[in-house]
1. Among residues other than THR28 whose Cβ falls under 12 Å from its Cβ, what is the net charge (Lys/Arg +1, Asp/Glu -1)?
2. Near GLY6, within a Cβ-to-Cβ distance under 9 Å, what is the net charge of the other residues, with Lys and Arg +1 and Asp and Glu -1?
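What follows is calculated from the coordinates using simple rules that are stated; it is not laboratory data. None of these values were measured; they are calculated from a predicted model. We place every Cβ from the backbone using ideal geometry, glycine too, and count neighbours over all the protein chains shown.
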Amino acid sequence: MEARQGSAAATEFQKILDHSGMVWNCWTGALARANALQSRTSRGADADAARVRALAAYKDFRTLWKDADPAIPILKRAKAEYVKLQ
């Protein structure tokens, strides 16, 4: 993501999620961030689709981490990004 390649990052993270046996909740936050970046760097329908994917991934991430301490930085960032995407 440092290279600002949101689309490529989202594609790679989706491959990991689609591979059975992976620990899903470790990657949902990264997938959400990649799609959020793609939504900011794309235009038109591509940006809209990436935004929808990011919102869904952030929702999944927050659901999986619902019992975690809300002060954890990754949760704070995920919540802030989710709010910005709405």
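1. Every neighbour counted, the sum reads +3.
2. Net of charged neighbours comes to +3.
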